[in-house]
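The values are calculated or read from the model by the stated rules, or taken from the named source; none is laboratory data. Keep in mind that what you see is a predicted model, and the values were worked out from it rather than measured. Heads up, the Cβs are rebuilt from the backbone with ideal geometry, glycines too, and the neighbour counts pull from every protein chain shown. Accessible surface is based on the protein model in full, side chains and every heavy atom, while ligands, DNA and RNA are left aside. Shrake-Rupley method; radii C 1.70, N 1.55, O 1.52, S 1.80 Å.
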Amino acid sequence: MSVTIKIDHAHKCYGNNVIIEDLSVRIREGEFFTLLGPSGCGKTTLLRMIAGFNSIEGGDFYFNDTRINDMDPSKRRIGMVFQNYAIFPHLSVRENVMFGLKNQPVKLPKAEMAEQAEKFMKLMHIEEYAERKPERLSGGQQQRVALARALVIQPDVLLMDEPLSNLDAKLRVEMRETIRSIQRSVGITTVYVTHDQEEAMAVSDRIAVMNLGEIQQIGTPQAIYQRPANLFVASFIGRTNLLDGEIRMENGVAMLHAGGVSAPAATLLDEEKKNQKVIVSVRPEEFIITRGGEGIEATVVSSTFLGLNMHYFLRLADGTDVQVIKEAEIDDRLQDGETVRLQMKLGKINVFCEDGSRNLVRGVTNDNVRKQEA
């Protein structure tokens with residue numbers, strides 16, 4: 001049985017060092033929910049508070065309607081997958097998977113434990129390695145063993161702490177697809193911690209972007225990428241180009257000026273129209289690059305061929321460096337030193353207030369997401 005997880009006003013400190021000050025979040029039943037942020041932002045601390053491995057200095061944690069603050073970790077019905085796998089080197093794959101079953105409060109008959117272990121080894125495609133010791137397994141196979149051991153006890157919640165960080169790039173892609181597929185098939189509420197933005201976007205139903213112990217934004221991968229709530233989220237999730245800009249009222253019309261070009265702002269912005277400085281965020285794919293016509297003048301500094309796309313590095317007249325991704329075309333590669341023009345896809349760019357704390361684009365929620373009802 002999956003559960004909802006509710007956290008109200010969580011507070012965590014080590015001595016005088018406050019890690020999490022006041023954090024609230026709701027995680028839905030059966031959801032794949034990711035805590036994403038840079039090192040030291042508090043995401044692993046929060047995960048360990050859910051697991052019962054860290055003390056809770058303030059706030060309330062619930063599984064459904066059951067408050068778990070003082071509940072022993074062994075009674076929380078969680079499965080845990082760690083960064084270092086934490087599988088036992090002296091046990092076989094089968095014995096590692098069965099280990100969790102042997103340590104449950106209610107003991108199963110030996111035959112039933114063997115049957116459950118076989119079921120989850122097959123689910124993870126590791127049944128052929130059942131008698132092998134971990135030293136004879138690849139990193140990806142060891143991670144599958146750790147995942148099978150976590151799921152075989154049929155927990156209510158699956159917690160995963162940077163589970164793919166020790167794998168090479170190809171294996172990470174393979175394993176994230178495996179984890180997502182397994183999570184969907186068993187329907188278990190999953191809380192996943194990572195600092196890898198691409199990984200988070202690939203596996204998550206929703207993402208909570210964290211920084212300095214606070215949740216900056218909660219949303220689907222698409223919503224967070226396309227409409228970040230603030231400048232930190234825009235800069236942390238994927239690549240973006242930042243241009244200094246200004247909104248000016250001209251003949252009763254709000255005009256957005258950035259990068260030496262201007263455009264009407266009324267169709268884009270939801271903020272009261274007034275003269276103000278802004279920061280314009282343009283993803284590399286949100287620039288249109290041409291050899292002539294109107295737009296921001298730029299010089300090609302270098303380029304990289306990425307198969308389907310060309311990745312161009314350019315410099316604007318004021319010295320600002322920008323990146324542009326353009327579909328690769330045969331025999332039409334821009335040359336280093338070439339002068340080009342850039343136009344922004346106005347419907348897709350994001351515009352932030354001068355301090356970067358709020359997105360001014362229409363439809364973006366800028367409420368205090370620490371207290372957001374998810």
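Tabulated values for the structure
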| read-out | value |
| --- | --- |
| Residue satisfying all of: in the stretch 307-317; touching a strand residue (DSSP E or B) at 6+ places or on another chain (Cβ under 9 Å) and part of a loop (DSSP other than H, G, I, E, B); least open to solvent (accessible area, probe 1.4 Å) among these | A317 |
| Matching residues, the stretch 83-103, being surrounded by 14 or more Cβ atoms within 10 Å (Cβ to Cβ) and of a type in the set (S, T, N, Q) | Q83, S92, N96 |
| Scope the stretch 142-167; condition farther than 18 Å from R180 by Cβ and not hydrophobic (A, V, I, L, M, F, W, C); matching residues | Q142, R149, Q154, D156, N166 |
| L342 open to solvent by less than 90 Å² (accessible area, probe 1.4 Å), in a loop (DSSP other than H, G, I, E, B) and touching a residue at least 24 places away in the same chain (Cβ under 8 Å) | no |
| Search result, residues across the stretch 203-220 that are in contact with a strand residue (DSSP E or B) (Cβ under 8 Å, 6 or more places away or on another chain), within 25 Å of A51 (Cβ to Cβ) and part of a loop (DSSP other than H, G, I, E, B) | S204, D205, G213 |
| Exclusive hit being touching a Phe, Trp or Tyr at 6+ places or on another chain (Cβ under 6 Å) and surrounded by 17 or more Cβ atoms within 10 Å (Cβ to Cβ), set I126, I68 | I68 |
| Selected residue (only one of A200, A223 is of a type outside the set (V, I, T), open to solvent by 10 Å² or more (accessible area, probe 1.4 Å) and not in a loop (DSSP other than H, G, I, E, B)) | A223 |
| Subset of the stretch 236-249 (residues that are within 16 Å of V361 (Cα to Cα), open to solvent by less than 60 Å² (accessible area, probe 1.4 Å) and out of contact with any Lys or Arg (no Cβ under 9 Å at 6 or more places or on another chain)) | L243 |
| Qualifying positions in the stretch 119-138 - touching a residue at least 40 places away in the same chain (Cβ under 8 Å) and assigned to a helix (DSSP H, G or I) | L123, P134, E135 |
| V152 of a type in the set (V, I, T), open to solvent by less than 10 Å² (accessible area, probe 1.4 Å) and touching a residue at least 60 places away in the same chain (Cβ under 8 Å) | no |
| Number of the exception - G140 against (1) open to solvent by 40 Å² or more (accessible area, probe 1.4 Å); (2) in contact with a helix residue (DSSP H, G or I) (Cβ under 9 Å, 6 or more places away or on another chain); (3) modelled with pLDDT under 90 | (1) |
| Residue, least open to solvent (accessible area, probe 1.4 Å), within the stretch 22-36, restricted to residues that are more than 17 Å from A10 (Cβ to Cβ) and among the acidic types (D, E) | E31 |
| Single match in K277, K273, K326 (criterion: among the basic types (K, R), modelled with pLDDT of 90 or more and surrounded by 15 or more Cβ atoms within 10 Å (Cβ to Cβ)) | K326 |
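The rows are residues; the columns are (1) closer than 19 Å to T240 by Cα; (2) in contact with a strand residue (DSSP E or B) (Cβ under 9 Å, 6 or more places away or on another chain); (3) part of a loop (DSSP other than H, G, I, E, B).
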{"site": "G293", "(1), (2), (3)": "no, yes, yes"}
{"site": "D336", "(1), (2), (3)": "no, yes, yes"}
{"site": "V351", "(1), (2), (3)": "yes, yes, no"}
{"site": "G356", "(1), (2), (3)": "yes, yes, yes"}
